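K.L.:
Take a look at the following structure, please.
Any read-out appearing in this document is the output of simple, stated calculations on the displayed coordinates, not a laboratory observation. As the structure is a prediction and not an experimental result, all values here were calculated from the model. Heads up, the Cβs are rebuilt from the backbone with ideal geometry, glycines too, and the neighbour counts pull from every protein chain shown.
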Amino acid sequence: MGRKLDPSMRVKRGPGRKARKQKGAETELSKFLVDDEGPKKLSSRGRKRAVKRTQVTKKPKQEEKPKKGFSDENSEWLKPAQRKRKIEECEEDEDSDSQWEEEEDDDDVVKDLDHKGIVKDIDDDDDDDDEEMVDDYGADEGDEQDSDGEELLPIEKAARKQKKQTSMKPESDDDDDDDDEEEEKKDLKEDEEEEDTVQANIDETEQFKLPAAADRAKEGLLLMDLQTIHQRIKDNVDVLSHFSEKREEGKERSEYLSLLRSDLCTYYSYNPFLISKLMDLFSLSELIDFLEANEIHRPVTIRTNTLKTRRRDLAQALINRGVNLDPLGKWSKTGLVIYDSSVPIGATPEYLAGQYMLQGASSFLPVMALSPQEGESVLDMSAAPGGKTTYMAQLMRNTGMIVANDANAERLKSVVGNIHRLGVTNAVICNYDGRQFPKVMGGFDRVLLDAPCSGTGVISKDPAVKTNKDEADILRSAHLQKELILSAIDSVNADSSTGGYLVYSTCSIMVEENEWVVDYALKKRNVKLVPAGLDFGKEGFTRFKERRFHPSLKLSRRFYPHSHNMDGFFVAKLKKLSNTIPTAVKETENEEESTKMETAASSEQIQKPESKEQKPASTKAKSNMGKKLKLKQNKSGTPIITKKAGVKSENKKSDGPKKAKIAKLDGKTSKKVEKPVKKQKVKELNGDSTKEVVKEKKKGSQFEKKNIMKKKNLKKRMGKNKFKKLKNILGQDESGQ
Amino acid sequence: MFEKLSKYIGENIKLLIDRPDGTYCFRLHNDRVYYMSEKILKLATNISRDKLVSVGTCFGKFTKTQKFRLHITALDFLAPYAKFKVWVKPGSEQSFLYGNHIMKSGLGRITENTSQYQGVVVYSMSDVPLGFGVAAKTTQECRKVDPMAIVVFHQADIGEYIRSEDTLT
């Protein structure tokens, strides 16, 4: 049994022979370590540093004081032990010379004092370690704390010094510079002599200095200490939030951001794609909260099965088994959150008897939003493992009928198990691909679609998502979700007396999988968003980056792990207005125009928010006409919000004198005008339309082909001059023809 | 299959079929017997055979040799109509849930006049149904035998939900 050199370790106190005699390793070592350091000479650098120190230490001390400085005359040489941590952090900060020098000052003082009962005149309120030690000694030794705290430093310094002497010294000096620069409050470009000021200034990061590019490259080669990175992240965020005050001259915001991005990737182990996406979604401080929340698990929650028992009784029974639990919240009458348990929660006799179900808190929400009534027919398109299905059944009291479907046969077994265990009798379980659904069976009163997603909301459950998701995955999920939501809408019976509702939910926080999919559905079918009935949660986005969504997207709800302490989730409730699938509207208009226009028009139409038209090949109208039609078709009557600014500008242009021209248009210019917009929109629509566009080109004239190529390269928005040019071309065409 | 059922609930089978909220029926699908209301049956006919996984509640299945084996999933329906019940002491609850037979030492109560090899439903002391079994001894004999003798043969218990999830379907 060796003595531990751990300042937080309590040494024996109280009456007893040994308590007084052995004060712990720290104090013992301090005796001879002090001697070691005594005769140490200052190196040239050390001397320089000492000089610098005298110049600079005044400032940091002043600032330290309000924060945590010592309040008496010794504050100048006696620094809070917190420094020790920083010193530990900056492993690369190895210029131990400076350390030794500082310690020298301390040691000198220490030496002067009685080493047994070193009188310390300082308040160590802020010194955590010291506080612990206060009680450890007798009255006359109460002052040893600070010196103990600092004694460790010499010990550690000794160890490190040895390490360093074996490792490469010059390299570490360079690293020191890198780290120091970040943490120092400096106006000048430094040399290594600034390191001591780093230690002194460690608590102030008034100026967070960006390391130069060269330094950063070097960092990549050497392993950075996580603590350092974490500190750097904090500093960076601090600077970015008060950019005008705290920025460094000549450094752009983007530089800070890119440094932050790479730091976050390293510290939290995400891939850069995901970090960029998250940075777009959240503000910086929220981002840090979100990332931190993803590191820890959400609390375990269970749902009482009201078909078999009551929450009160279940809680009682579980408490008797030794489970520590609480009701989930005001918003749920059946949820319980488990803090800890002496028995496995998934194996109690109550669980086996089907009195409760292990379910995440966020999974309660879509079912609560859907609120199926007794006697209805309900479809759950993506049912595995069956938590939501069984919740619906208990809300319906085993009346009516539930069809639980899942595409994965393996996971269906768990659905069967859960359904039987919880005593659900009105369920039919089948194994279809959700997209086939309206054909198999339709006319449900309500449909729940908990779509398969990228899982970015449940990173705490599955950390692999941090690294293995990229652009393609998200788009693939989004595509599947769009198909599923259309099938789901088609399976709802709009004329149902009690229902006609669909709830779309995902366990993801990506806009591409959430708002975008719902917006797509709004365009393609006769549905509208209705309030979800959940009074907490953040509203969904109505615009995001360059995309614009329908304003009713406000009614959808987003939940985050860091703000609601449940898995990231998205819920949207839709009501089907009519069973008819909107078909292409433009058949009547401008048929001469065209063949080429079709595709242009269709894709463009799709872009208009209120339109409920289908995409299909048959649309022929020009943009203006199409718009008019759409306006007519608008059932909700909300103002048209164009998806892209480019579209807006284009529409404005077409509204004017262009209208007539476009109406006459042969297709060239209008194509030009619309195609670029179309192309992008088409792309947004997952490329199906692009195919259609290509296919539907009836006239294979060279000019058109040329235009197609051109369009691909054209910008969304047309400049004034271009517009004029087009006009001219139009004029020429007309005159030519 | 009805024979098996009647072992446990006797003539109460009728109660299973004619329920106040509509007629229920048993249907055979893929060697398994499902119990469901007629309404559900109608809707389930839309689903093709190979895609249909389960309807209503599965009561049991026919083995390869055409013997009917009652599953634990039928417990909810059998329990209220059970004619002969056995109560198990808390200590031996877990043992039964693991699939072991019940010994005399774990026996709490038993209904009178239980004949040998009679189908019984096993309850815990808090009246939570745990499963079913077959009485190994008559009630009289149970009083006489030594504590280590088996009094109820295990047939199905709710622990199976975890142990053999896959076999439920």
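K.L.:
Residue by residue through region A:329-341, what is 3J(HN,Hα) from phi via Karplus (6.51 cos²θ - 1.76 cosθ + 1.60, θ = phi - 60°)? Round to whole Hz and write x for glycine and proline.
P.N.:
x, 5, 7, 10, 9, 10, x, 9, 10, 9, 8, 7, 8
K.L.:
Using a Förster distance of 51 Å, how high is the FRET efficiency between B:HIS29 and A:GLU539, based on the Cβ-Cβ distance and rounded to 0.05?
P.N.:
The value I calculate is 0.65.
K.L.:
Please list, in order along region A:490-501, the HN-Hα scalar couplings obtained from phi with the Karplus expression 6.51 cos²θ - 1.76 cosθ + 1.60 (θ = phi - 60°), rounded to whole Hz, x for Gly and Pro.
P.N.:
Once θ is set to phi - 60°, the couplings for region A:490-501 become 5, 8, 8, 9, 5, 8, 5, 6, 10, x, x, 10 Hz.
K.L.:
Please say if region B:115-169 is rounded, prolate or oblate, where rounded means a/c under 1.5 for a ≥ b ≥ c the square roots of the C-alpha gyration tensor eigenvalues, and otherwise the choice is prolate for a/b larger than b/c and oblate otherwise?
P.N.:
Prolate.
K.L.:
Then there is this: Within 10 Å, count the other beta carbons around each residue, average over each peptide in B:72-81, B:115-124, and list them highest first. Don't jump to the answer; show the numbers that get you there.
P.N.:
Details: B:72-81: 21.2, B:115-124: 19.1.
Result, highest mean first: B:72-81, B:115-124.
K.L.:
I would also like to ask the following. If amide H atoms are built 1.01 Å from N in the plane of the peptide, which residues on other chains or at least 5 residues away come under 5 Å of the amide H of A:GLY457?
P.N.:
Distant-sequence amide H within range of A:GLY457: A:SER508, A:ILE509.
K.L.:
In peptide B:76-87, how many Cβ atoms from other protein chains are near each Cβ within 10 Å, on average?
P.N.:
So the per-residue partner count for this stretch is 1.
K.L.:
On a full-extension model of 0.36 nm per residue, what is the gain between A:GLU286 and A:LYS48, subtracting their alpha-carbon distance, rounded to one decimal in nm?
P.N.:
Details: separation 238, 0.36 × 238 = 85.68 nm, distance 4.35 nm.
Difference between extended and current length: 81.3 nm.
K.L.:
Give the order of B:CYS142, A:CYS430 when sorted by the count of other beta carbons within 10 angstrom, beginning with the fewest.
P.N.:
B:CYS142, A:CYS430
K.L.:
Please state the shape class of region A:402-447: rounded when a/c is under 1.5, otherwise prolate if a/b exceeds b/c and oblate if not, all from the C-alpha gyration tensor.
P.N.:
Cα axes put region A:402-447 in the oblate bin.
K.L.:
What order, most packed first, do the peptides A:238-251, A:437-450 have when packing is the mean number of other Cβ atoms within 10 Å of each residue?
P.N.:
Highest to lowest by the protection proxy: A:437-450, A:238-251.
K.L.:
Along the three principal axes, how long is region A:306-375 when you take its alpha carbons, biggest first, rounded to the nearest angstrom?
P.N.:
That works out to 37, 23, 18 Å along the principal axes.
K.L.:
I would also like to ask the following. Amide H of A:VAL300 versus every other amide H placed in the peptide plane: which residues, excluding those fewer than 5 positions away on the same chain, fall under 5 Å?
P.N.:
Answer set, sorted by chain and number: A:ILE338.
K.L.:
Further question: Say R0 is 22 Å: what FRET efficiency, to the nearest 0.05, do B:ASP18 and A:ASN398 get from their beta-carbon distance?
P.N.:
0.80
K.L.:
Normalised radius of gyration for region A:240-316, please: alpha carbon Rg relative to 2.2 N^0.38 Å, two decimal places.
P.N.:
1.81
K.L.:
Using only the alpha-carbon atoms, what does region A:464-508 span along each of its principal axes? Please give whole angstrom values in decreasing order.
P.N.:
Projected onto the principal axes, the Cα atoms of region A:464-508 cover 47, 16, 10 Å.
K.L.:
While we're on this one: Run the quick spin-label model on A:GLN55 and B:ASP146: label points 7 Å from Cα toward the beta carbon, then report their separation in nm to one decimal.
P.N.:
Using points 7 Å along Cα→Cβ, the separation is 9.7 nm.
K.L.:
Something else: For the residue pair A:ARG547 and B:LYS4, what label-to-label distance in nm results when each label sits 7 Å from Cα along the Cα-to-beta-carbon direction?
P.N.:
Between A:ARG547 and B:LYS4, the simple spin-label model gives 5.2 nm.
K.L.:
In what sequence, highest mean first, do A:373-383, B:103-113, B:154-164 appear when ranked by Cβ atoms within 10 angstrom?
P.N.:
Sorting A:373-383, B:103-113, B:154-164 by mean packing, highest first, produces A:373-383, B:154-164, B:103-113.
K.L.:
Across peptide B:119-131, what mean number of C-beta atoms from other chains lies inside 10 Å of a residue's C-beta? Spell out each step's value before the answer.
P.N.:
Values: counts 0, 0, 0, 0, 0, 2, 0, 5, 0, 9, 1, 3, 1.
Mean inter-chain Cβ contacts per residue within 10 Å come to 2.
K.L.:
What is region B:1-73 by shape, rounded, prolate or oblate, if you read a ≥ b ≥ c off the alpha carbon gyration tensor as root eigenvalues and call it rounded for a/c under 1.5, prolate for a/b larger than b/c, and oblate otherwise?
P.N.:
oblate
K.L.:
Now a separate question. Distance cut-off 18 Å, Cα to Cα: go down the list B:LYS104/B:LYS144; A:LYS528/A:LYS573; A:LYS161/A:LYS234; A:LYS523/A:LYS576 and report the pairs above it.
P.N.:
A:LYS161/A:LYS234
K.L.:
In a shell of Cβ-Cβ distance under 11 Å around A:ALA293, excluding A:ALA293 itself, what net charge do Lys and Arg (+1) and Asp and Glu (-1) give?
P.N.:
For residues surrounding A:ALA293, the net value is -4.
K.L.:
For region A:287-446, how big is Rg over Rh, using alpha carbon atoms and the Kirkwood form of Rh?
P.N.:
In region A:287-446, Rg relative to Rh is 1.00.
K.L.:
Explain nothing, just compute: Karplus ³J(HN,Hα) = 6.51 cos²θ - 1.76 cosθ + 1.60, θ = phi - 60°, for every residue of region A:466-483 in order, whole Hz, x for Gly and Pro.
P.N.:
4, 10, 9, 9, 9, 3, 4, 4, 5, 5, 4, 4, 4, 4, 4, 5, 5, 5
K.L.:
Taking each residue in B:43-55, count the Cβ atoms of any other chain within 10 Å of its Cβ, then average. What number comes out?
P.N.:
Counting Cβ atoms of other protein chains within 10 Å of each residue's Cβ and averaging gives 6.
K.L.:
Return P(r) of region A:425-519 (all Cα-Cα pairs; 5 Å bins starting at 0; whole %; ordered from short to long distances).
P.N.:
Computed distribution, short to long bins: 3, 13, 21, 21, 17, 13, 9, 4, 1, 0.
K.L.:
So, one more: With just the Cα atoms of region A:220-377, tell me how far they stretch along each of the three principal axes, in Å, largest first.
P.N.:
Principal extents (largest minus smallest coordinate, Cα): 68, 38, 27 Å.
K.L.:
So how do A:LYS576, A:LYS277 line up by other beta-carbon neighbours within 10 Å, fewest first?
P.N.:
Ascending number of Cβ neighbours within 10 Å: A:LYS277, A:LYS576.
K.L.:
Next question, about the same structure. Going by how many other Cβ atoms sit within 10 Å of their own, how do B:ARG27, A:ARG261, A:ARG421 line up, fewest first?
P.N.:
Result, fewest neighbours first: B:ARG27, A:ARG261, A:ARG421.
K.L.:
Under a 5 Å amide H to amide H cut-off, with H placed in plane at 1.01 Å, what residues pair with A:SER341 once short-range neighbours are removed?
P.N.:
HN-HN under 5 Å from A:SER341: A:ASN324.
K.L.:
Hey, another quick one. In region A:353-488, what is the volume of the convex hull around the alpha carbon atoms, normalised per residue and reported in Å³?
P.N.:
110
K.L.:
Can you work out the FRET efficiency for the pair B:THR167 and B:THR45, with r the C-beta to C-beta distance and R0 = 30 Å, to the nearest 0.05?
P.N.:
Step by step, r from the Cβ atoms, then E = 0.70.
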